[in-house]
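Shown next, in structure tokens, is the structure this report addresses.
We did not get these values from a lab; they are worked out from the coordinates using the rules stated. All values reported here derive from a predicted model rather than from experimental measurement. Please note: Cβ atoms are built from the backbone with ideal geometry, for glycine as well, and neighbour counts cover all protein chains shown.
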Ligand SMILES: Cc1cc2nc3c(=O)[nH]c(=O)nc-3n(C[C@H](O)[C@H](O)[C@H](O)COP(=O)(O)O)c2cc1C
């Protein structure tokens, strides 16, 4: 479960945040929320609105395309931030965020990467920045402290990739990441239940099991998440597909979820409220805890009965 940003580090291009060691440069920010204008692989806008100062909604801004020189400077900036996260903030490791439509994914995805330089075009070119960033961070803090989150397919950032693109990306990155002995790769899938429905899609955009497929081509430690229940998570682990399973939505309304799982509670015994988007955010900071962090905690032994 994510804890909110512990530390904000400035970079010349945009902002780099470490969230529980998770590092991202966001492309879905807005100068309207007080930061610099967002930057991206290409100036591809994102449909939708976000809350800005004063609790009102505004359209997302079209990001500025980074120059080749700016992109070439990014790996060192990520490495600087990773070093600060480990040395200054005391984190055990960093997770590079290559999902959610953020900067690294904007290079991976065809829709948001329309570049003609060495960072655009072929799958190798679109993956170049991610691999350069991983290598720079691993060289600085150690591969064992470096991990990456991939989220091909659906994101909540107006990005829905077709199945062929998802497969192409996984097929390229599986062997590449296998060579790098990272702490883990987190493969996050929003391509199945309940996420495609939240995106108002009639059916999933991917028909194959991304977790099983990636396991067959990635030899390192694999964390999976996205729409998993306790039983499905346990099954993936027992079948050797996943080494680790992480949970988001279910955790929100079950703060002691590890204890509940250890006591034998199954998905049906958990409070499902964390999957209700009405409970996710508040535009009133004073009301943030309501239906978010104030759910009653179940006693494990009683819940297991
Ligand atoms: C309310 C909520 C907010 C989230 N916010 C972010 C976010 O800001 N950035 C991000 O990368 N993932 C975010 N996630 C996704 C989680 O990091 C994680 O990938 C996902 O929740 C796992 O799937 P699950 O919720 O189906 O278990 C969020 C998830 C939820 C439920």
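Brief remarks follow.
- Rg to Rh, two decimals, where region 56-196 supplies the alpha carbon set and Rh follows Kirkwood: 0.97
- Take the Cβ atoms of residue 73 and residue 116, set R0 to 25 Å, and the FRET efficiency comes out at 0.85.
- Estimated FRET transfer efficiency (residue 88, residue 181; beta-carbon r; R0 22 Å; 0.05): 0.30
- Contour excess over end-to-end distance, with Cα ends at residue 171 and residue 56 and 0.36 nm allotted per residue: 37.2 nm
- Rounded if a/c under 1.5, otherwise prolate or oblate - region 64-107, Cα gyration tensor axes: oblate
- Sorted on the mean count of surrounding Cβ atoms within 10 Å across their residues, most packed first, peptides 77-88, 100-111 read 100-111, 77-88.
- In the chain, the calculated helix contribution to ellipticity at 222 nm averages -9000 deg cm²/dmol per residue, counting -39,500 (n - 2.57) for every DSSP H run with n ≥ 4.
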